[in-house]
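Shown next, in structure tokens, is the structure this report addresses.
Derivation of every value follows stated rules applied to the coordinates shown; laboratory data play no part. All figures in this text were calculated on a predicted structure; none of them were measured in a lab. Glycine also receives a Cβ, built like all others from the backbone with ideal geometry; neighbour counts cover every protein chain displayed.
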Amino acid sequence: MTDGAVMPSERLLALVTEPGSLRLWDTEFVSGDPLDFPGYRSQLAEAAGRAGITEAVVTGLARIGGRELAVVAGEFAFLAGTMGVAAGERVVRAFVRAADLGLPVLGLPISGGTRMQEGTVAFVQMATVAAAVQRFRDRGLPYVAYLRGPTTGGVLASWGALAHVTFAEPGALIGMTGPRVMEQLTGQPFPVGWQRAENLLAHGLVDAVVPAAELADAVARVLAVTSTPAAPWAE
């Protein structure tokens, strides 16, 4: 679902993970107002009411195909899924906890980028998150990402584009800078479809374009060849 028809994180997680298996982490981490940015506190309250959650990222423990894994899901209804300090902290802690538990990670990013209302401290989270992902990868554990539309800016750079296996939602807009901004910067129209999932697949930047309804099976197949068996081998 793209271009206005964005699936909420709660619905996507319910679709992808086994029923009743999701256990949320770090819900106490919520955004502050480090710059005393005009109107930001009211924006946060409105975003929480609209999205039904307290931050732009949801993390937790779940199961897919009988295997436990950590999940990190963006929520576009919360300020366009932008990553501030608290959202970045949730992502970092999810990768750290997954590494400690020896679990794979499924990332479900969707975002307009880094949260401008928090300024430099939000941008610094890009490096912190990327370092946490790299430390997780150094443990030899699998990371699968599913890029949804849109996945842009600092979220793409810090944890969206660093997976071992990268799936994408059909038609998803994926890129560091969106086409409207690029047109404003260059004064030239952006090529149609250039930043869409299908074009990235054609150029080897994603491994497959997968509808959300088929994502659980796709992730289960990846984990079957990258993780320890979910149960002892039957004779």
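Assuming R0 = 30 Å, can you tell me the calculated FRET efficiency for the pair MET116 and ALA208, based on Cβ-Cβ distance, to the nearest 0.05? Mind showing how you got there, number by number?
Details: r = 33 Å, r/R0 = 1.09.
Between MET116 and ALA208 the formula returns 0.35.
Over the chain, dividing the summed -39,500 (n - 2.57) contributions of all DSSP H runs of at least 4 residues by the number of residues returns a 222 nm mean residue ellipticity of -11000 deg cm²/dmol.
For the range 48-125, the relative contact order works out to 33 percent when only alpha carbon pairs closer than 8 Å and six or more residues apart are counted.
What fraction of the DSSP beta bridges in the chain is antiparallel, stated in percent and rounded to the nearest 5?
Numbers: 12 of 29 bridges.
Counting DSSP beta bridges with both partners in the chain, the antiparallel share is about 40 percent.
Counting charges near VAL209 (Lys, Arg +1; Asp, Glu -1) among other residues having Cβ under 13 Å from its Cβ returns a value of -2.
Here the spin labels are modelled as points 7 Å beyond Cα on the Cα-Cβ line, and at TRP194 and GLN134 they lie 2.9 nm apart. Under Stokes-Einstein, with the Kirkwood radius over Cα pairs as Rh, the value for the chain at 25 °C and 0.890 mPa s is 137 µm²/s.
Count Lys and Arg as plus one, Asp and Glu as minus one, and take only other residues whose Cβ is under 15 Å from that of GLY20; the net charge is then -1. Between ASP217 and LEU35, the FRET efficiency estimated from the beta carbon spacing at R0 = 41 angstrom works out to 0.40.
Remark: relative contact order (the chain) = 18 percent; criterion is Cα-Cα distance under 8 angstrom and separation of 6 or more residues. Only the Cβ atoms of Lys and Arg (+1) and of Asp and Glu (-1) were treated as charged; on that basis the dipole of the chain about its Cα centre amounts to roughly 200 debye.
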